[in-house]
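Below: one structure, written as structure tokens.
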Amino acid sequence: MQEPTFTIGIEEEYLLVDLETRELAQEPSDAILSECQERLPGHIVTPEFLRSQLEIGTCVCANISEARNALHELRGTVSEVANRHGLGLMAASVHPFADWQGLKHTPKERYDIIARDMQATVRRMMICGMHVHCGIEDPELRIDLMNQASYFLPHLLALSASSPFWRGENSGLKSYRVSVFDALPRTGIPDRFESYGEFERLVQTMVQSGAIEDGSKIWWDLRPSSKFPTLEMRLTDVCPLVEDSLTIAALYSCVLRMLYRLRRNNQRWRVYPQTLVAENRWIAQRFGVEGELIDFGIPAPVPAAELIEEIIGLTAEDAAFLGCEAEVQHALEIVKRGTSADRQLALYREGTAGGDNNRAALIKVVDQVLKETISGIQ
């Protein structure tokens, strides 16, 4: 079997924020999208479900260095264009105090159909995520790696958490976004398949029965892309700091390369029941990097920090092969200083302790995320 290319493609969804009120922009100018598309050939800039959102996608990147350049160009350009229209770019998965009831979805056939079919569950979708595509050209290998890589999804979620607030309240979760998205069907940990043909039959059954129009309506945390020869990771929050985003993309790629390397040596990672992986997913959603994920081999709870360090060790050879050692090591810095969710909560508590009312403290959180979104962008 020819070795996969392990190319990288990163998709990030952003929120557009009114710089005067710090509210989500309800009617952003269509000129923002068209100008960004004109200035960013080779990349993708598209509307998202809500008008106050947009999505970017990098070109196909051969390595993490190319992905960094692409994300810098995308964030920098989109932010510059949005600023000229009085809007800020927010790379976090939830706006701290926005209310979904006042927001409108983008007038587009795909979104009209989703709004009709999903009703109130999708009207609440003022959430943003980060998706990472990794080039796995052989479809059978794609399925085999999907079965094994599901185990590592909670660890990646913990590193990405950026959505602790919901409609002006501390949700008590580091990634409240996941609980909102889980209201939709066909989400969560993917099924286990014996072959790519078995996966194709599932998609065909759902299409023929009228449940979905195509495979893109299967919204699992990890899925074979319906458009590209990639395995697409979809669980993580979007990170305000671009280096954190790159770390997650790099670590995900290294996990897949490690699993491929094991297979090449007639070894494999144990596939655990969905219920066990989903339990770790919940712990990551609830506590982020401060939680204790279950090590199923013991079995016992182990600090997420220790498990992430273990993954870094397991994938060291792969990080060297893919040229992303520094990005993978940065995961230890995320664990040490906390994720965006941790920083948001710390700033909020500092504000309220200093006499700010709830809204004033949350406005400071918005300002922090806006600043971090373009921090270090060249």
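The values are calculated or read from the model by the stated rules, or taken from the named source; none is laboratory data. Nothing here was measured: the structure is a model prediction, and the numbers come from that model. Note that we place each Cβ from the backbone using ideal geometry, even for glycine, and neighbour counts take in every protein chain shown. Surface accessibility is based on the protein's heavy atoms, side chains included, excluding ligands, DNA and RNA. Shrake-Rupley method; radii C 1.70, N 1.55, O 1.52, S 1.80 Å.
Tabulated data
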item	result
Unique match (being surrounded by 13 or more Cβ atoms within 10 Å (Cβ to Cβ) and not polar (S, T, N, Q)) among 343, 349, 337	343
Checklist (1) assigned to a helix (DSSP H, G or I); (2) farther than 21 Å from residue 95 by Cβ; (3) in contact with a strand residue (DSSP E or B) (Cβ under 7 Å, 6 or more places away or on another chain); (4) open to solvent by 10 Å² or more (accessible area, probe 1.4 Å) applied to residue 133, failing item	(1)
Scope region 192-207; condition open to solvent by less than 60 Å² (accessible area, probe 1.4 Å) and within 22 Å of residue 235 (Cα to Cα); matching residues	193, 196, 199, 202, 203
Test set (1) open to solvent by 60 Å² or more (accessible area, probe 1.4 Å); (2) within 19 Å of the chain's Cα centre (by Cα) - residue 34 fails condition number	(2)
Residue satisfying condition, being open to solvent by 20 Å² or more (accessible area, probe 1.4 Å) and not basic (Lys, Arg), within set 226, 216, 175	226
Checklist (1) modelled with pLDDT of 95 or more; (2) surrounded by fewer than 13 Cβ atoms within 10 Å (Cβ to Cβ); (3) not aromatic (Phe, Trp, Tyr) applied to residue 210, failing item	(1)
Some residue of region 117-128 being open to solvent by less than 10 Å² (accessible area, probe 1.4 Å) and of a type outside the set (A, V, I, L, M, F, W, C)	no
Candidates 201, 167 - the one that is more than 30 Å from residue 244 (Cα to Cα) and of a type in the set (Lys, Arg)	201
Only listed residue being assigned to a helix (DSSP H, G or I), surrounded by fewer than 22 Cβ atoms within 10 Å (Cβ to Cβ) and of a type in the set (A, V, I, L, M), chosen from 246, 276, 259	276
Region 11-27, residues that are more than 26 Å from residue 230 (Cβ to Cβ), out of contact with any helix residue (DSSP H, G or I) (no Cβ under 7 Å at 6 or more places or on another chain) and either of a type in the set (Gly, Ala, Ser) or buried (at least 24 other Cβ atoms within 10 Å of the Cβ) (or both)	24, 25
